[in-house]
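Inspection log for the structure reproduced underneath, given as structure tokens.
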Amino acid sequence: MNYYIFQAGVFFNNLILVYEISISLSYLLLAGLSARAMRRYKKQNSFVDYRTLLSSQFAPSVSLIAPAYNESMTIVDNVRSLLALHYNNYEVIIVNDGSKDNTLDLLIEAYELERVDWLLHEHVTTKPVRGIYKAKNPAYHKLVVVDKVNGGKADALNVGINVSGNKYIACIDVDCVLESDSLLKLVKPFMEEKSQVIATGGVIRIANSCVIEEGRLIKVQVPDKFIARVQVLEYFRAFLMGRMAWAHINGLLLISGAFGMFHKATVIKAGGYNHNTVGEDMELLVRMRRMMYEEKKPCKVAFIPDPLCWTEAPQTWSILNKQRNRWTRGTAETLMLHRKMILNRRYGVLGMISLPAWVLFEWLAPLIEFFGIIFFICLVLLGYANWMYFFSFLGLVYTFAIMISVFAILFEERSYQQYKRPRHMLRLILSALLEPFFYHPLTVWAAVKGNYDLLTGKKSWGEMTRAGFSQKKS
């Protein structure tokens, strides 16, 4: 019996070691690809100015769609900021998803809205629309407000698609803060690339502790709370070192639901957002790419490394747990819905590289880590733990994690340097040193719980209460 336990421990140790080496090499490869893509992007955009063209009447037409549910505290300022973007040919569609507060009343009063007759083309089936409003004041001619029966974010976005009248749609969380030139930058790939671009995404930044006035970013600051600072590092790694690299090899699977732009006709042909999954943003993009592969039409999903959108990250462990739980369920649902693509050469880079990598290093990683800890505890209780091996392995993993976080901070410094003060960098580095001990275990547990909730059939989105932005300069 002791022999079999020993052999099982050796086998599991070797398996974990191989897995750790694989995931480490994947991070290094992505970092290298991202650095190459970043240099290429900055070189191409250092001397080309599209502002004159993209601000003209000949610019690609864009419909900016923002679902709103119980947003009465900030909705007026948020809409004002969306109407002030540096772009000429766009409309703003606010979809009031059956709010229980006075969100709609505030919009009607602030922007002098009146109900209008509207020929609605139901490209995608949705919950009923109760009314569509336009402004009497020509100063707000770009604004369209839709009131509908509550159906969730995916359903609200689908209503916005049905109402939109432009070639491209940009989907955004209404409480996000956009850079004034965000549409200018996000629409550029649709004009530049040789292959058909079906979607573009950009970098999302953490706005906690930043100063926001009337929906505009006034001052960038490192978050005061540790939990938010670590998420700054996470976003550096995910966007600057992850999605930048995946887009470089045309293997990007996810555009953040906070802000992304899509070719509307392709979205409609794919069937719009799926309201039966909590990961509607990832699932839609994978479905669109799958459709294009099956129709044998070359396409591309582009990524912009410029800071385009600022959003509030969870500031409590409870809300963070709900968010990561939902992200896990959304990832798993998408992978299961499109499991036919995994290791299928018909789907090119997506089938042979992107999806297998997401299965191994995104979905399964927390599960492997969790059950690895359980297995080690069992070995300790049975007296078979190799402490020298354990501490050596732990030190290796910790050192590599810190190195990747420092690389991510370096990417930020060498790219757009939003955090300009040395003390900002120091606080981020100190947070990186603490992350593996105080933050990472909680996200692993949230992912494990997310998989459990998926197996037990939990479908809820989870209430994401926000603290709000600072409104005064400091």
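The values are calculated or read from the model by the stated rules, or taken from the named source; none is laboratory data. These numbers were taken from a predicted model, which means no experiment stands behind them. Please note: Cβ atoms are built from the backbone with ideal geometry, for glycine as well, and neighbour counts cover all protein chains shown. With ligands, DNA and RNA removed, areas are computed over all heavy atoms of the protein, side chains included. Shrake-Rupley method; radii C 1.70, N 1.55, O 1.52, S 1.80 Å.
Identify all residues within region 282-295 that are in contact (Cβ under 8 Å) with a residue 40 or more places away in the chain, in contact with a helix residue (DSSP H, G or I) (Cβ under 8 Å, 6 or more places away or on another chain) and either in a loop (DSSP other than H, G, I, E, B) or within 23 Å of residue 174 (Cα to Cα) (or both); write none if there are none.
If the condition is that a residue be in contact (Cβ under 8 Å) with a residue 40 or more places away in the chain, in contact with a helix residue (DSSP H, G or I) (Cβ under 8 Å, 6 or more places away or on another chain) and either in a loop (DSSP other than H, G, I, E, B) or within 23 Å of residue 174 (Cα to Cα) (or both), then 282, 283 are the ones that fit.
Please enumerate the residues belonging to region 318-360 that are within 15 Å of residue 254 (Cβ to Cβ) and open to solvent by 50 Å² or more (accessible area, probe 1.4 Å).
327, 337, 353 - these are the residues of region 318-360 that are within 15 Å of residue 254 (Cβ to Cβ) and open to solvent by 50 Å² or more (accessible area, probe 1.4 Å).
The rows are residues; the columns are (1) among the aliphatic types (A, V, I, L, M); (2) under 13 Å from the mean Cα position of the chain (by Cα); (3) part of a helix (DSSP H, G or I).
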site: 230; (1), (2), (3): yes, no, yes
site: 235; (1), (2), (3): no, yes, yes
site: 239; (1), (2), (3): no, yes, yes
site: 254; (1), (2), (3): yes, yes, no
site: 262; (1), (2), (3): no, no, no
site: 268; (1), (2), (3): yes, no, yes
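Quick check on my filter: what residues within region 241-252 are assigned to a loop (DSSP other than H, G, I, E, B), out of contact with any Lys or Arg (no Cβ under 6 Å at 6 or more places or on another chain) and open to solvent by 10 Å² or more (accessible area, probe 1.4 Å)?
Matches in region 241-252: 249 only.
Just one of the numbered conditions (1) modelled with pLDDT under 95; (2) buried (at least 19 other Cβ atoms within 10 Å of the Cβ) is not true of residue 276; which one?
Of everything listed in (1) modelled with pLDDT under 95; (2) buried (at least 19 other Cβ atoms within 10 Å of the Cβ), residue 276 misses just condition (2).
When you scan region 308-317, how many residues do you find that are open to solvent by 30 Å² or more (accessible area, probe 1.4 Å) and over 23 Å from residue 449 (Cβ atoms)? Full working, then the answer.
Here is the first cut: in region 308-317, the ones open to solvent by 30 Å² or more (accessible area, probe 1.4 Å) are 315-317.
This time we only want the ones that are over 23 Å from residue 449 (Cβ atoms), so: none.
So the count comes out to 0.
Just to be sure before I move on: is residue 398 over 30 Å from residue 220 (Cα atoms) and surrounded by fewer than 15 Cβ atoms within 10 Å (Cβ to Cβ) in the structure I sent?
Working: over 30 Å from residue 220 (Cα atoms): no; surrounded by fewer than 15 Cβ atoms within 10 Å (Cβ to Cβ): yes.
Here the answer is no, as residue 398 does not meet what is asked.
I need a count of the residues in region 401-426 that are surrounded by 15 or more Cβ atoms within 10 Å (Cβ to Cβ) and over 24 Å from the mean Cα position of the chain (by Cα).
Counting residues in region 401-426 that are surrounded by 15 or more Cβ atoms within 10 Å (Cβ to Cβ) and over 24 Å from the mean Cα position of the chain (by Cα) gives 0.
(1) under 20 Å from the mean Cα position of the chain (by Cα); (2) open to solvent by less than 10 Å² (accessible area, probe 1.4 Å): which one isn't true of residue 363, the others all being true?
Condition not satisfied by residue 363: (2).
Every residue in region 366-388 that is of a type in the set (A, V, I, L, M) and open to solvent by 80 Å² or more (accessible area, probe 1.4 Å), please. Spell out how you get there, then give the answer.
Here is the first cut: in region 366-388, the ones of a type in the set (A, V, I, L, M) are 367-368, 373-374, 377, 379-382, 385, 388.
Selection gives 373, 377, 381, 382, 388.
If you check every pair at least six apart or on different chains, which have Cβ atoms under 6 Å apart with a residue in region 384-401 that is farther than 19 Å from residue 10 by Cβ first and a residue that is open to solvent by less than 70 Å² (accessible area, probe 1.4 Å) and not aliphatic (A, V, I, L, M) second?
398/436; 400/24; 401/436
Out of 144, 211, 177, which single residue is of a type outside the set (S, T, N, Q), at pLDDT 95 or above and within 29 Å of residue 101 (Cα to Cα)? Walk me through how you get there before you give the answer.
On the way: 211 fails: at pLDDT 95 or above; 177 fails: at pLDDT 95 or above.
After applying the criteria, what remains is 144.
Can you tell me which residues in region 68-92 are open to solvent by 50 Å² or more (accessible area, probe 1.4 Å) and free of Cβ contacts under 8 Å to residues at least 60 places away in the same chain?
Within region 68-92, 70, 88 meet the criteria.
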